[in-house]
1. In the range 26-54, how many are outside any helix (DSSP H, G or I), acidic (Asp, Glu) and open to solvent by 50 Å² or more (accessible area, probe 1.4 Å)?
2. What are the residues in the range 99-140 that are under 18 Å from ILE9 (Cβ atoms), at pLDDT 70 or above and not polar (S, T, N, Q), if any?
3. Going residue by residue through the range 165-184, is there one that turns out to be assigned to a helix (DSSP H, G or I), modelled with pLDDT of 85 or more and within 23 Å of LEU7 (Cα to Cα)?
4. Of everything in the range 92-107, what is open to solvent by 20 Å² or more (accessible area, probe 1.4 Å) and not β-branched (Val, Ile, Thr)? Give them in sequence order.
5. Before we move on, is PHE157 in a helix (DSSP H, G or I), open to solvent by less than 40 Å² (accessible area, probe 1.4 Å) and in contact with a Leu (Cβ under 8 Å, 6 or more places away or on another chain)?
6. Based on what the data block shows, is LYS90 of a type in the set (Lys, Arg) and at pLDDT below 80?
Amino acid sequence: MINSSILSIIVCFIPAIIIGLILYYFDSNKSKKKLLLLMLSFVVGEFMFYIAYRLDMHFGTYFKGFIATSYFKSFLYALFGVAIFEESCKLIGTLVFIFKYKIKNIYNSIVLSSFVALGFSMAESIFFYLPKFLDKGNAFILMLNRTMSTTPTHVSFGIVMGYFLGKFILSKNIWKKIIYNILALVIPMILHAL
């Protein structure tokens, strides 16, 4: 019989692997170099989780008093106490790859951003939620529910971010570039806070 904590960790990988394979399968530009780039962006997403977690632990505490006092205050906490750190870190991680590897189209920026989000979500599940769920005794069921809902959600935010970053890449107008870059952060933040 496999230990519940081992099963819980395995469950964290399953949605990331399935979604990653789907994104890679539909990519018309398959190559070993591209696969390596996507795997690296996944690892960067995991690293960005650690940075976001540290920022949230330090700065997010200022908004903790907003939780459950009203819907609007809960939204503000989710926006400024959680989403701003998580989405900013994912944006920075994605921008590094876009500039370093000179990404030239919207689909590639969407896939890259999604892989950063996959890594982020998996790291969040393992390092933030798993220790909390192990104390409850039914970690496997709790992790199954969490990863099956939040991993696709984080990837959805990554898709939105990647779309606007792709528009940012293609735009020649400096003002449009600024607007698309802002939208790449603000829209996923708002979606995350909802």
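The values are calculated or read from the model by the stated rules, or taken from the named source; none is laboratory data. As the structure is a computational prediction, the values presented were derived from the model and not from experiment. Using ideal geometry, Cβ is built from the backbone for each residue, glycine included, and neighbour counts are taken over all protein chains shown. Side chains are part of the model used for accessible areas, which takes the heavy atoms of the whole protein and leaves out ligands, DNA and RNA. Shrake-Rupley method; radii C 1.70, N 1.55, O 1.52, S 1.80 Å.
1. Quick first cut of the range 26-54, residues outside any helix (DSSP H, G or I) only: 26-31.
Applying the additional criterion that residues be acidic (Asp, Glu) yields 27.
Okay, now just the ones that are also open to solvent by 50 Å² or more (accessible area, probe 1.4 Å), so none.
Looking only at that region, the number is 0.
2. Narrowing the range 99-140 to residues under 18 Å from ILE9 (Cβ atoms): 118-140.
In the following step, the residues that additionally are at pLDDT 70 or above were identified as 118-127.
Within the range 99-140, LEU118, GLY119, PHE120, MET122, ALA123, GLU124, ILE126, PHE127 meet the criteria.
3. No, there is no match, as no residue in the range 165-184 is assigned to a helix (DSSP H, G or I), modelled with pLDDT of 85 or more and within 23 Å of LEU7 (Cα to Cα).
4. LEU95, PHE99, LYS100, TYR101, LYS102, LYS104, ASN105, TYR107
5. Numbers: in a helix (DSSP H, G or I): yes; open to solvent by less than 40 Å² (accessible area, probe 1.4 Å): yes; in contact with a Leu (Cβ under 8 Å, 6 or more places away or on another chain): yes.
It is true that PHE157 is in a helix (DSSP H, G or I), open to solvent by less than 40 Å² (accessible area, probe 1.4 Å) and in contact with a Leu (Cβ under 8 Å, 6 or more places away or on another chain).
6. Values: of a type in the set (Lys, Arg): yes; at pLDDT below 80: no.
Here the answer is no, as LYS90 does not meet what is asked.
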